[in-house]
Amino acid sequence: QNTNTLEWLKHDFGFATVVMVEVETYYLGCLAQASYLVHYKGIGVLIDPRRDAKLYLDHLAEINVRLKGVVLTHLHADFVAGHTDVSVATGAPVFMGRHCDARSPHSPVVEGDRLGLGDGVFLEALETPGHTPGCVSWLLTEYGTVTRAFTGDTLFVGSVGRPDLLGSLGTSKEALAMMMYDTVNNKLKKLPDACIVHPGHGPGSPCGKMLSDKLTSTIGEERVSNQAFTLLDKEAFLAFLTEGQPNAPSYFLGCVSLNKTGPPLVEGGSGTYQALPLVPAAEFYKRLGNFEGDAVYKLDTREAPEYASAHVAGFLNFPMGTHGGVDTLTPDKLEGHEGNFSIWVGTLVPPAAKIFLVTPPGREREVFIRLARIGMSSNVEGILQGGFSAEAAEQIGVAVASNTRMEATKVPSAQEVGQVVLDVRTRGEFVCKRNGHLAGSFSAPLCELQSATEELRQRFAGKSFITYCRGGFRSAVAASVLQAAGFPATDVIGGYPALQGALPDQTGKLDTEGFLVDSPISEAPKAAIPQWKLLGLFRCVAAWASEWLSRLRAGRVMSCAGRGGLRLQLRDACGPVGQAAAAARAVHRISDVVM
């Protein structure tokens, strides 16, 4: 564990010393999830902790901070929170919005409730429904000024929370989208421009679309660059929020239920752990024979090259990466597939399935915790003790398989002899104007592949398959899914970037001939531009022009940058907004805790 701790920032004025409020961020790359510790003079509040709570407990002890409360901004769907563990370990009460309908011990909060940290410093609840009915953002006020907003899944940098994750629980996405429209226009827009935004997720999260690659912003920046802020027409806003959302992973409903009732303890100050179900090889393989059918998933979490060299026949390859699923505050530097393991297990493995695991030796607890984060650790029936050995498996009579992965340069010759290339990225990536796809490949998104095996069998009878994706994770999973279904299959080493480098004349294609016949969106690339996109572009340009003219009159210079819209960047600090933003940036040095 590598910990970079914030230093106390102090300004001396004569005999007095002013201690600044500190905000520390813990960013979990494999779920693109951020949790926060706000503390002042040894008193703190923890916001949206993840399930492996020991991380926070150790850090609190290290910096000598006592928790006054544990806050959940809402009932999370994408991960199981660690509020129960932290509360049990520290005695700090849990606070949630009054409309969360939570059944675990907590204090319901209403708008205006405050958690005081002392000397005019407090966190105040702001009810911000839209992602869920019970969403609450927490505003940090320092000596009469709202300086920061911890917005959970209500407001992201560049986007807002999707409204369709609670449809199965009785709240329609249309109703939630209406709530979000009111939240944005009547609450968030009223916050000061200099207020720093701390969202619950970064890029890669399935809890929203069009998230920026930044992890912090200001209300002023969002006012100009966030489409949810620039779309004033209600119908256009509702269309923007309800259309084009990615498929929600199947594990989301289970996470909501666990967060509502209170999950079993995984970690705590008393050392309460769920026991690891480590099983010796002979017993492990014997147990496998006792479970048959679709309700059993056998996962090999080693890296793709190790899996390809030798693995138990029928096991699916879900590489877990090498960094524990935790990244620093630079998600653009995630290495390869580090951010994919938990989300894809939760997407492809049914919530009630029994799971058997092969892991790299010594990393059994890590994979168990990563499944616990999405509420699936209780599904684990057994973890192979000591790791995989082909020799030991064969001695017991277990079938061992292997496959040869393919270099990008060899793909064209494979196509010439009839091998079928499947692009297992999303269909949006398949027709992306920036990158396109490989000539002659077919679009078969990983999230749909398990249900499409019969279609593949009928359409490509007797063929073998080659899979590719962006970075190599999805294609490794896809190849193993196809192998388990009885198809000869392999994946491309290095993914689509390797194909682009080796075959520049055969990549970047934008045709839709590669959509499978039964694709429900085979005509999507030809569709007219949605009204909300046109209105959003108009609003964004109009807002930018207005801001540009007003600041030009004030003698300021600006530049345009950023992803997903036009983002203004002041080059001076002569006005109150510029001075406040500069001061906030100076104070806000974010630490990261890496596991």
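Probe radius 1.4 Å, ligands and nucleic acids left out: which of Leu215, Leu446, Leu278 has the largest accessible area, and how do the rest follow?
Result of the area sort, largest leading: Leu278, Leu215, Leu446.
Probe radius 1.4 Å, ligands and nucleic acids ignored: give me the carbon and sulfur share of the accessible area of region 180-238 as a rounded percent.
Reported share for carbon and sulfur atoms: 51 percent.
Taking the Cβ of Tyr36 as the center, what net charge do the other residues with Cβ under 11 Å away carry, scoring Lys and Arg +1 and Asp and Glu -1?
Net of charged neighbours comes to -2.
Which order do the peptides 342-354, 201-213, 57-69 take when ranked by the mean count of other beta-carbon atoms within 10 Å per residue, highest first?
Per-residue mean Cβ counts within 10 Å order the peptides as 201-213, 342-354, 57-69.
Run the simple label-point estimate for Gln245 and Phe291 please: 7 Å along Cα→C-beta, distance reported in nm.
Placing both labels 7 Å along Cα→Cβ, they lie 3.1 nm apart.
If Lys and Arg each add +1 and Asp and Glu each add -1, what is the summed charge of the other residues whose beta carbon sits under 13 Å from the beta carbon of Leu278?
Net of charged neighbours comes to 0.
Shape call for region 158-270 from the C-alpha gyration tensor, a ≥ b ≥ c root eigenvalues: rounded (a/c under 1.5), prolate (a/b greater than b/c) or oblate?
Oblate shape, in that a/c is at least 1.5 and b/c is the bigger or equal ratio.
Chymotrypsin sites (Phe, Trp or Tyr not before Pro) within region 41-129: which are DSSP loop residues with at most 10 other Cβ atoms inside 10 Å?
Of the chymotrypsin sites (Phe, Trp or Tyr not before Pro), not one in the loops of region 41-129 has a Cβ with at most 10 other Cβ atoms within 10 Å.
Please list, ordered by chain and number, the residues whose modelled amide H lies under 5 Å from the amide H of Leu67; skip anything fewer than 5 residues away on the same chain.
Counting only residues 5 or more places away or on other chains, the set is Gly44.
Could you compute how much accessible surface Lys173 exposes when probed at 1.4 Å, giving the result in Å² to the nearest 10?
80 Å²
The values are calculated or read from the model by the stated rules, or taken from the named source; none is laboratory data. These numbers were taken from a predicted model, which means no experiment stands behind them. So basically every Cβ, Gly included, is an ideal-geometry build from the backbone, and we count neighbours across all protein chains shown. What goes into the accessible areas is simple: the full protein's heavy atoms, side chains included, and nothing from ligands, DNA or RNA. Shrake-Rupley method; radii C 1.70, N 1.55, O 1.52, S 1.80 Å.
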